[in-house]
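Right, one structure below, let's go through it.
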Protein chains: 2
Amino acid sequence: MTPGVRKAKAAQTRAALLDAARTLFGERGYLNTKITDITAAAGRSTGSFYEHFADKEELLRALLGDIEDAADERLAAREHPREHDLTDRAQLHAHLEIAWGVMRQHRAIQVAMFQSMVADDPASGRAWRDLSEQTGMLREHLEWLREQGRAVPGEPELLAAGMGAMLALVSYALPPDGPYTDEQVVDAFTNLLLKGLAG
Amino acid sequence: MTPGVRKAKAAQTRAALLDAARTLFGERGYLNTKITDITAAAGRSTGSFYEHFADKEELLRALLGDIEDAADERLAAREHPREHDLTDRAQLHAHLEIAWGVMRQHRAIQVAMFQSMVADDPASGRAWRDLSEQTGMLREHLEWLREQGRAVPGEPELLAAGMGAMLALVSYALPPDGPYTDEQVVDAFTNLLLKGLAG
DNA sequence: GTCTATATACCGATAGAC
DNA sequence: GTCTATCGGTATATAGAC
């Protein structure tokens, strides 16, 4: 066997592990999926796992690349400068639709990330850091609004985190075959955030 | 020793376990706190734990009574019929302030409940059930609004869950000594939800 | 690189003496 | 009711053959 072939086999194993993990994370969640479950589902041995990943968390980070690529792709389709006016219905709707769509399309990974975040030591501050980082774009749009002299209903970081929290937790909790369609969710939250209850 | 005294000692042990658990849940979270950690912190033996609780989850349910009592108490101060107009700034603010205050004052228990909920099998549907139940009051207020012929920006259950998700996850993530005061948070979310971004 | 087999560690839960 | 001691199950990670 040439080195190239062996390398290809290794890549195949790595891909099989990632695939199996994604499936299992979606079915039973991240925390309830053991490393031996992943290797068994991938048809590999336990020991083989550690040739590719140091632990389960590192595998999750590798999966994370997928969802980030998907998000970047959807965002690259249109330019995304700071100068987005979230008080414009169409622009707010587009932002929520993309965020919700990515979370739902890669639900297994979102579930895994969410569980991993919440299982961490609460005192580590990771949850707030993650939430703040993942809503950085929303925050920048709000900061831009404020720089334009427009009234913003509170601290941009706080508002962005609140909106992100709403989407993330509802997406985590709402079953895939739940009672509401994606459109219902996006429309409801667009209305709620755009005009608020007193619109 | 009379039976009465022995009973009192038992109650003391039970209380010590609950106290120790609450402290540890606040420090390291629910998932990272082992039963032996609780008994050690309470100055009792491992075996003694099972005389009072079947497992860690049952202890959490016992702690849950505390937070529910606190919420009921704050709500009993004023009547809380369905006929609350959440499009009125003062009433919305009051609701958010109470919910946020209870979560922050009993942060250890909220952290524990949140971790317990998220650690469960995602396919169990528990997360959505919990979220929906805990926001039942908001939902009823919205349903009442709708019955009055007022426009509501989406399905009441969905909107209520979204608002609850925002509060719950931000409260979980935001450190107790974080960069924002309780007032800032409540005001920001009141503004956001009352008038929305386009207020 | 992949496998089998195992060391290591940990935690939940119980048995039995007091 | 509380204690000490321990069993039993389980998951991570490694060692060594192929």
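The values are calculated or read from the model by the stated rules, or taken from the named source; none is laboratory data. Here the structure is a predicted model, which means the values were calculated and not measured. We place every Cβ from the backbone using ideal geometry, glycine too, and count neighbours over all the protein chains shown.
Can you tell me which residue among B:125, B:149 is at the interface with chain A (Cβ under 10 Å from one of its Cβ atoms) and either farther than 18 Å from residue A:165 by Cβ or over 13 Å from the mean Cα position of the chain (by Cα) (or both)?
Residue meeting the stated conditions: B:125.
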Yes or no: residue A:33 within 16 Å of DNA strand D (Cβ to nearest atom) and within 14 Å of chain B (Cβ to nearest Cβ)?
yes
Go through segment B:169-199 and give me each residue that's under 14 Å from residue A:165 (Cα atoms) and more than 7 Å from every other protein chain (Cβ to nearest Cβ).
B:171
Segment B:34-51 - residue that is touching a residue at least 24 places away in the same chain (Cβ under 8 Å) and more than 9 Å from DNA strand C (Cβ to nearest atom) and, of those, surrounded by the most Cβ atoms within 10 Å (Cβ to Cβ):
B:42
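Matching residues to (1) more than 16 Å from DNA strand D (Cβ to nearest atom); (2) away from chain B (no Cβ under 14 Å); (3) under 22 Å from residue A:172 (Cβ atoms); (4) of a type in the set (A, V, I, L, M):
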{"position": "A:12", "(1), (2), (3), (4)": "yes, yes, no, no"}
{"position": "A:23", "(1), (2), (3), (4)": "yes, no, yes, no"}
{"position": "A:40", "(1), (2), (3), (4)": "no, yes, no, yes"}
{"position": "A:45", "(1), (2), (3), (4)": "no, yes, no, no"}
{"position": "A:61", "(1), (2), (3), (4)": "no, yes, yes, no"}
{"position": "A:98", "(1), (2), (3), (4)": "yes, yes, yes, yes"}
Every residue in segment A:156-183 that is closer than 15 Å to residue B:132 by Cβ and modelled with pLDDT of 95 or more, please.
A:166, A:169, A:170, A:171, A:172, A:173, A:174, A:175, A:179, A:180
Failed item in (1) surrounded by 20 or more Cβ atoms within 10 Å (Cβ to Cβ); (2) within 7 Å of another protein chain (Cβ to nearest Cβ); (3) closer than 17 Å to residue A:161 by Cα, with residue B:158 passing the rest
(3)
Kindly provide the set of residues from segment A:128-169 that are farther than 16 Å from residue B:196 by Cα and in contact with an Asp or Glu (Cβ under 7 Å, 6 or more places away or on another chain), ordered by number.
A:132, A:144
Among the residues of segment A:79-100, is there at least one that is under 25 Å from residue A:166 (Cα atoms) and of a type in the set (Phe, Trp, Tyr)?
yes
From A:104, A:150, A:89, A:129, residue being touching a Leu at 6+ places or on another chain (Cβ under 7 Å) and surrounded by fewer than 16 Cβ atoms within 10 Å (Cβ to Cβ)
A:89
Does segment A:85-96 contain at least one residue that is away from DNA strand C (no atom under 14 Å from the Cβ) and modelled with pLDDT under 95?
no
Kindly check whether there is at least one residue in segment A:7-16 that is touching a Ser or Thr at 6+ places or on another chain (Cβ under 9 Å) and within 12 Å of DNA strand C (Cβ to nearest atom).
yes
All but one of (1) away from DNA strand D (no atom under 16 Å from the Cβ); (2) within 22 Å of residue B:170 (Cβ to Cβ); (3) at pLDDT 95 or above hold for residue B:143; which doesn't?
(2)
With respect to residue A:140, is the statement that it is surrounded by fewer than 24 Cβ atoms within 10 Å (Cβ to Cβ) and over 27 Å from residue A:57 (Cβ atoms) true?
yes
Would you mind finding the one in A:62, A:21 that is outside the structural domain of residue A:175 (by TED's automatic domain parsing), away from DNA strand C (no atom under 12 Å from the Cβ) and touching a residue at least 40 places away in the same chain (Cβ under 8 Å)?
A:21
